[in-house]
1. Based on DSSP H runs of at least 4 residues, each adding -39500 (n - 2.57), what is the mean residue ellipticity at 222 nm of the chain after dividing by all its residues, to the nearest 500 deg cm²/dmol?
2. If packing is taken as the average number of other Cβ atoms within 10 Å across a peptide's residues, how do 8-14, 38-44, 161-167, 111-117 rank, most packed first?
3. Within 10 Å of each candidate Cβ there may be at most 12 other Cβ atoms; applying that plus a DSSP loop requirement, which trypsin sites (Lys or Arg not before Pro) in segment 41-136 survive?
4. Rounding to the nearest 10 and keeping the result within 0 to 90°, find how far the Cα-based axis of helix 85-97 lies from the longest principal axis of the chain.
5. Considering lysine pairs in the chain that are 8 or more places apart or on different chains, how many have Cα atoms under 13 Å apart?
6. Mind pulling the angle between the C-alpha long axis of helix 158-169 and the longest principal axis of the chain? Nearest 10 degrees, somewhere in 0 to 90.
7. Just how far, in whole angstrom, is segment 130-171 from segment 1-58 if you go by their alpha carbon centroids?
8. How big is the dipole moment of the chain about its Cα centre under a simple scheme where the beta carbon of each Lys and Arg is +1, that of each Asp and Glu is -1, and everything else is neutral? Debye, nearest 20, please.
Amino acid sequence: MKIIAFAASNSSVSINKQLAHYTATLVNDASIEVLDLNDFEMPIFSEDREKEIGHHPLAIEFYVKLGSADAIIIGFAEHNGSYSAAYKNIFDWTSRYNREIFQNKPMILLATSPGPSGAVNVLKQATDSAPFFAADVKASLSIPSFYDNFKEGKMTNLDLNNQLIEAVSNL
């Protein structure tokens, strides 16, 4: 099984990227490709820019990458209660290329933050809207207090780790 994992963030030290990658490693015999949103940086989407340049080549590349996966795992960063600007921009460009951006792939949606809320607001937005963009959401999970529960590249909270294992079993 090929898994595409990424954080919906362009942070070089993204805790959501760490979480998404770790979760992908819980899938037995999977090949994992971790995407970096910085590789898909595009101008801020607008209809004017779209008319000027058409479908941005990086949006098409992002769409093709998602299409190459058997499953997708995303860790959503929460910026002021919503998506990060980097993710939203890539999503906007790519969904204009093909509204079915997730191509009916089985997905696990995650979110974490340093605080106790675990980025639940953005996770709810993502989980509620994903099916409109051809996502087959198999599980979603918020991980609170990331630095208390995740150390040295793995989940140290056994209950949360078991929830992640259960989530990937749905793929």
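Each value in this text was obtained by applying a stated rule to the coordinates, not by laboratory testing. These numbers come from a predicted model, not from an experiment. Here the Cβ is made from the backbone with ideal geometry for all residues, glycine too, and neighbour counts use every protein chain on show.
1. -11500 deg cm²/dmol
2. 111-117, 8-14, 161-167, 38-44
3. Counting only loop positions with at most 12 other Cβ atoms within 10 Å, the trypsin sites (Lys or Arg not before Pro) in segment 41-136 are ARG99.
4. Approximately 50 degrees, to the nearest 10.
5. Eligible lysine pairs with Cα atoms under 13 Å apart amount to 5.
6. 50 degrees
7. 17 Å
8. So the dipole magnitude of the chain works out to roughly 140 debye.
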